[in-house]
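See structure below.
The values are calculated or read from the model by the stated rules, or taken from the named source; none is laboratory data. Small disclaimer: the values here were computed from a predicted structure and weren't measured. Neighbour counts are summed over all protein chains in view; Cβ atoms, including those assigned to glycine, are modelled from backbone coordinates with ideal geometry. Each accessible area value is taken on the protein alone, full model and side chains, heavy atoms only, with ligands, DNA and RNA left out. Shrake-Rupley method; radii C 1.70, N 1.55, O 1.52, S 1.80 Å.
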Amino acid sequence: MSAQPSAAVPARPASATAGKKKSLLATTAGNILEWYEWSAYAVFAPFIAAAMFNPDDPVSALLSTLAVFAVGFLMRPLGGIVFGRVADRRGRKFVLITTMLMMAGGSLVIGLMPSYETVGVWASVILLAARIGQGFAHGGESATANTYIAEIAPHNRRGMWGSIVFVAIFAGSILAYTVGGSVTAVLGESAVADWGWRIPFILGAFLALAALYLRKGMVESEVFDDAAAATAGAFAPEPLPRRQIVRAVLLMIAMTSGITAAHYTWTSYASTHAITQQDMPAASAYWMSVIAQLIALVSLPFWGRLSDSVGRRPLMLAFAGLMILLQLPLMGLISSAPWTLLAASSLALVVVAIPGALLSATLSENFPTKVRTQGIGFAYSVSVAVFGGTAPYLNAQLIEWNVGWMSSVYIMILCGCTAVAVWLMPETKGIDLKDA
């Protein structure tokens, strides 16, 4: 792993640059759809639960619990690790096409599967299997997309190109909530409960065909091709320094801990807090959150481009410092007035967008090519599962114990961990990934 920028890289032919831009578009379109399909389940979870699970049936109720656990805390990290290994051996393009097919297939199954009323507990089993498959694919998609975009990006624009990964995260979530609101408004809640909740999943499966067509035309990462060619098409058993890899993994887990906890708190929990603790109307809270995410989305390319100029470390440290200072005041600002949620969430998410824009570049620049996707898949997925996925539940539990302020302290402590990890990391802006 090198901390020094490499010498200037010769300019690529215009045709090669055009191919990379098309590949960036294909990756982004597929990534947005993957996040849309993932988020659609959360949007329609109450309707799906009513149709596919029976609380009076102990087996069905158990499967409902397992579905949440397996997908949220097991399958995404496992998918990141397994598909990361495949991507480092067979290529990034192969995995991105495979995960696209798996996510689309899972959505189609959810959209067409019979209800509990029709087939009993088998409805619960089918849904669980579909979500496990989607969780597995989602973990692989996230790790590989972060790697692929960083590898095809120009050296001096890697931060800006990499910000597209987080743009897809916000865009997919916004799209899911927009479709959900539109379907509910057009059909009415009764029709949505009967059959309308299936529309977003069937729509997602068919839209995935367009994304799949785009992805088939992607170019393979030159960084991967060159590394594979250097070892006659297969990675030789030449060992990488174990201490180097372990150190990189631990630093990346610590770095992303504060980022992912803050992200999930302000995208998933803040609106719930406004509704349940401050008596804000649900519809108002929902739209305020959507607008806040749109504002954060627009800021992402700016932060990515800025990191290409000033470096990754200054912006990462700025995020950690700002979040430590603002977390408690912003959460305390939220009241029953919708504008308070909009103001607090917008500012918090713009701050979270700073490291979000840098994640793809920073993660990729800290792992060697031979294990880059595996390293990202493990470090990022574990951090998301441990610190991000549990954040909304921890926030709710602490409020139930009448120590809700502790949830903000928890975020602040993790952002402190982010700051320490970044302080120990080398500046990697502009390096050649072949030298990482």
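Points worth noting:
- Residue within the stretch 348-369 that is touching a His at 6+ places or on another chain (Cβ under 9 Å), open to solvent by less than 50 Å² (accessible area, probe 1.4 Å) and within 16 Å of residue 269 (Cα to Cα) present: yes
- The residue that is nearest to the chain's Cα centre (by Cα), counting only those in the stretch 265-284 that are of a type in the set (Ser, Thr, Tyr), open to solvent by less than 40 Å² (accessible area, probe 1.4 Å) and closer than 20 Å to residue 414 by Cβ, is 267.
- Put simply, of 309, 289 the only residue that is more than 19 Å from residue 418 (Cα to Cα) and either touching a residue at least 12 places away in the same chain (Cβ under 8 Å) or open to solvent by less than 20 Å² (accessible area, probe 1.4 Å) (or both) is 289.
- Residues within the stretch 341-362 that are under 13 Å from the mean Cα position of the chain (by Cα) and of a type in the set (Gly, Ala, Ser), tallied: 4
- Annotation: of all residues in the stretch 1-34 being of a type in the set (A, V, I, L, M, F, W, C), open to solvent by 20 Å² or more (accessible area, probe 1.4 Å) and not in a loop (DSSP other than H, G, I, E, B), the one that is modelled with the lowest pLDDT is 14.
- Taking the stretch 107-120 as the range and being open to solvent by 10 Å² or more (accessible area, probe 1.4 Å), in contact with a Phe, Trp or Tyr (Cβ under 9 Å, 6 or more places away or on another chain) and in contact (Cβ under 8 Å) with a residue 60 or more places away in the chain as the test, the residues that pass are 108, 112, 116.
- Any hit, the stretch 127-139, residues being open to solvent by less than 40 Å² (accessible area, probe 1.4 Å) and either touching a strand residue (DSSP E or B) at 6+ places or on another chain (Cβ under 9 Å) or more than 22 Å from residue 198 (Cβ to Cβ) (or both): yes
- Restricting the first member to the stretch 84-101 and to residues that are under 15 Å from residue 34 (Cα atoms), and the second to residues that are in a helix (DSSP H, G or I) and among the aromatic types (Phe, Trp, Tyr), the beta-carbon pairs closer than 8 Å and six or more apart or on different chains are 95/83; 96/148; 98/83; 99/83.
- Enumerated helices (runs of 4 or more DSSP H) restricted to the stretch 87-169, each holding at least 3 residues that are of a type in the set (D, E, K, R) and in contact with a helix residue (DSSP H, G or I) (Cβ under 7 Å, 6 or more places away or on another chain): 121-152
- Test: residue in the stretch 255-268 that is in a helix (DSSP H, G or I), in contact with a Cys (Cβ under 6 Å, 6 or more places away or on another chain) and touching a residue at least 24 places away in the same chain (Cβ under 8 Å): yes
- Selection count, the stretch 158-180, where residues are more than 30 Å from residue 363 (Cβ to Cβ) and either open to solvent by 30 Å² or more (accessible area, probe 1.4 Å) or at pLDDT 95 or above (or both): 0
Every residue, every condition in (1) farther than 17 Å from residue 331 by Cα; (2) more than 22 Å from the chain's Cα centre (by Cα); (3) of a type in the set (Gly, Ala, Ser), yes or no:
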| residue | (1), (2), (3) |
| --- | --- |
| 397 | no, yes, no |
| 402 | no, yes, no |
| 405 | no, yes, no |
| 411 | no, no, no |
| 418 | yes, no, no |
| 422 | yes, no, no |
| 429 | yes, yes, no |
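- Just so you know, in the stretch 211-233 the residues that are open to solvent by 60 Å² or more (accessible area, probe 1.4 Å) and of a type in the set (A, V, I, L, M, F, W, C) include one that is modelled with the highest pLDDT, and it is 214.
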